[in-house]
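The values are calculated or read from the model by the stated rules, or taken from the named source; none is laboratory data. Source: prediction; values computed, not measured. Methodologically, a virtual Cβ is constructed for each residue, glycine included, from the backbone with ideal geometry; neighbour enumeration extends over all protein chains shown.
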Amino acid sequence: MDFRTFSKLFIASILMLFISGKSIAQSATLTVNQDPKITQLLELKKGLEKENKLSSGYTIQLYYGELDKANQILRKYRGSYGNWPASIEYETPNYKVWAGNFDTRIEAERALIEIQSSFSSAFILKPERRK
């Protein structure tokens, strides 16, 4: 057997060794025991985010005044804009209609440009959240 044939045979056997090692794999099963309250907490967090209660960023204020008018503004907003969540906030003795939950000022400004076509007195604010 000459050297060329021997080297080809040697390389082929090493490749076969590596290929056969990869083809014999182990299989495993993983069981996760999760507290059912985690699902409840996630649903609560999702609801708070939808109601604009967890934001640490910017929001757009559409209205400040009486409850009846605040409800009208909220209905009008929801009928026109579904992109951003909206809610009514109470600050004695008036109600505010807030829209959006923006992480950055630039995102809020882009939304404000669109919203001001229907709500000309809307403006951006960074609310303080109570802890």
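Working only within the range 75-111, note down all residues that are aliphatic (A, V, I, L, M) and either surrounded by fewer than 12 Cβ atoms within 10 Å (Cβ to Cβ) or within 16 Å of Tyr64 (Cβ to Cβ) (or both).
Ala86, Ile88, Val97, Ala99, Ile106
Kindly provide the set of residues from the range 120-131 that are modelled with pLDDT under 95 and surrounded by 19 or more Cβ atoms within 10 Å (Cβ to Cβ), ordered by number.
none
Condition first: among the polar types (S, T, N, Q) and either in contact with a Pro (Cβ under 6 Å, 6 or more places away or on another chain) or without any contact (Cβ under 8 Å) to a residue 12 or more places away in the chain (or both). Now tell me which residues in the range 102-131 satisfy that. Working first, answer last.
Here is the first cut: in the range 102-131, the ones among the polar types (S, T, N, Q) are 104, 116-118, 120-121.
Result: Gln116, Ser117, Ser120.
Quick grid of which residues meet (1) closer than 30 Å to Leu112 by Cβ; (2) of a type outside the set (Gly, Ala, Ser); (3) at pLDDT 85 or above:
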| residue | (1), (2), (3) |
| --- | --- |
| Asp2 | no, yes, no |
| Ser20 | no, no, no |
| Asn33 | no, yes, yes |
| Asn52 | yes, yes, no |
| Ala86 | yes, no, yes |
